[in-house]
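I have placed the structure first, in the form of structure tokens, so that the comments after it can refer back to it.
The values are calculated or read from the model by the stated rules, or taken from the named source; none is laboratory data. On a predicted model such as this, the values are computed, not experimentally measured, just so you know. No Cβ is skipped: glycine too gets one built from the backbone with ideal geometry, and neighbour counts run over all protein chains shown.
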Amino acid sequence: MSHDHLLELLKRHPDQFVSGAMMSQELKVSRTAVWKQIRKLEAAGYEIEASTKLGYRLVYSPDELSKEMLAGMRTAARFGQVVHYYEQVKSTQDSARELAESGAPEGTLVLAEEQTGGRGRMGRGWVSPQGKGIWMSMVMQPHVPIHCAPQLTLLTAVALCRSLRRMTGLPIGIKWPNDLLIRGKKISGILLESAAEDERLKYIVAGVGISVNLSEGDYPEELLAKATSLRIEAGQPFNRSEIVTQFLQEWETLYDLFLQEGFSAIAALWESLSVSIGQKVRLITPQGELEGTPVGLEESGAIRIERADGSLVAIFSAEMGEPLSRS
Ligand code: BTN
């Protein structure tokens, strides 16, 4: 028996439990064989509720995030023109870096259904289960000085926030520098890794992780208080290909604006979407800890912090804690 037959049977009974006895009878296999196939479907991203009394019920089927689907929906001119699609990779960052090293053009996109070694900022991991999220990395080759790389991180967060807000209607905001939050919980992270040669930016690999259709069971216990997904927050799943398509378009539009006019228009958009401005926080910087209230972005992409004594300081890189109190 293949798990296709089992899936067909579950799909024939939408929202209902199908008993293990009935399944093994219809499919002419043992109850143990049914259970093994259920486990395989779960590993492929399906969610199946199991009850000892009632049997099995299909709760969630992953949508398709294939190259073909994206090709049909694509609207951006350069971003995502070349797509490398994988069922499973260690990290899309590594795959995109290899492509960039071998001369892949700007806009080359790597997408994977699952990452076994997804990476986050500050050496952390990134939960990337099969068929539930968008795990992607894109090659960028902007002709800008290397110190402009942080601006591209902020630009990516703005593009993602704007497209996700539009598509989901959810109250998504940006926590400095580039975490997307809904009601204080993280739904997306951005990781930019750059390669330079003689002070010149050779390329950037922009990694974006969007927790689209994950359920609470997909997160380790210790992350549940801090992480969420669009599906958990909206109570409905979303089409991943559509999100990728819309995001690529928004991203390219803002990127072109940035290349033509510089960072100020992007900074204003970032500030309007930020949940960090005006919230007193503790920051852990490479130079030590400080407390203060973010009041705006610098042209450089650094965040301007006002301390209790009214003095201002620009921070380029830090770990920003939870809000201490409203100011
Ligand atoms: C963070 O907030 O810490 C950044 C998370 C970045 C995750 C994405 S998923 C696609 C790409 N591949 C990775 O290994 N990481 C990024």
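A single member of Leu283, Leu290, Leu269 is surrounded by 15 or more Cβ atoms within 10 Å (Cβ to Cβ) and either at pLDDT 95 or above or under 30 Å from Gln130 (Cα atoms) (or both), and it is Leu269. Let me confirm something: among Arg74, Arg166, which residue is over 16 Å from Ser188 (Cα atoms) and either modelled with pLDDT of 95 or more or in the same structural domain as Thr245 (by TED's automatic domain parsing) (or both)? Only one candidate qualifies: Arg74. Tyr46 satisfies every condition listed in (1) of a type outside the set (Gly, Ala, Ser); (2) buried (at least 19 other Cβ atoms within 10 Å of the Cβ); (3) under 20 Å from the mean Cα position of the chain (by Cα); (4) within 16 Å of the ligand (Cβ to nearest atom) except (4).
Please work out if Leu99 is part of a strand (DSSP E or B) and farther than 30 Å from Pro286 by Cβ. Even if it seems obvious, please write down each step before you answer.
Working: part of a strand (DSSP E or B): no; farther than 30 Å from Pro286 by Cβ: yes.
Against the criterion (part of a strand (DSSP E or B) and farther than 30 Å from Pro286 by Cβ), Leu99 does not qualify.
Residue count for the range 67-95 satisfying the condition of being touching a Phe, Trp or Tyr at 6+ places or on another chain (Cβ under 9 Å), within 13 Å of the ligand (Cβ to nearest atom) and not polar (S, T, N, Q): 1.
Number of residues in the range 102-127 that are over 19 Å from Ser229 (Cβ atoms), more than 8 Å from the ligand (Cβ to nearest atom) and either at pLDDT below 95 or not charged (D, E, K, R) (or both): the value is 10.
Can you find, within the range 8-27, the residue that is surrounded by the fewest Cβ atoms within 10 Å (Cβ to Cβ) among those that are among the hydrophobic types (A, V, I, L, M, F, W, C) and touching a residue at least 40 places away in the same chain (Cβ under 8 Å)? Per the stated criteria, the residue is Phe17. Restricting attention to the range 128-145 and to residues that are assigned to a strand (DSSP E or B) and within 12 Å of the ligand (Cβ to nearest atom), the residue that is nearest to Asn239 (Cα to Cα) turns out to be Ile134.
I'm trying to understand the selection: among the residues of the range 286-327, which are out of contact with any helix residue (DSSP H, G or I) (no Cβ under 7 Å at 6 or more places or on another chain), charged (D, E, K, R) and part of a loop (DSSP other than H, G, I, E, B)? Listed by number, the residues that qualify are Glu298, Arg307, Asp309, Glu322. Is the range 163-170 home to any residue that is part of a loop (DSSP other than H, G, I, E, B), over 14 Å from Thr253 (Cα atoms) and more than 12 Å from the ligand (Cβ to nearest atom)? The answer is yes, given that some residue of the range 163-170 is part of a loop (DSSP other than H, G, I, E, B), over 14 Å from Thr253 (Cα atoms) and more than 12 Å from the ligand (Cβ to nearest atom). Only one entry of Glu199, Glu193 meets the criterion of being within 12 Å of the ligand (Cβ to nearest atom) and under 28 Å from Phe79 (Cβ atoms), and that entry is Glu193.
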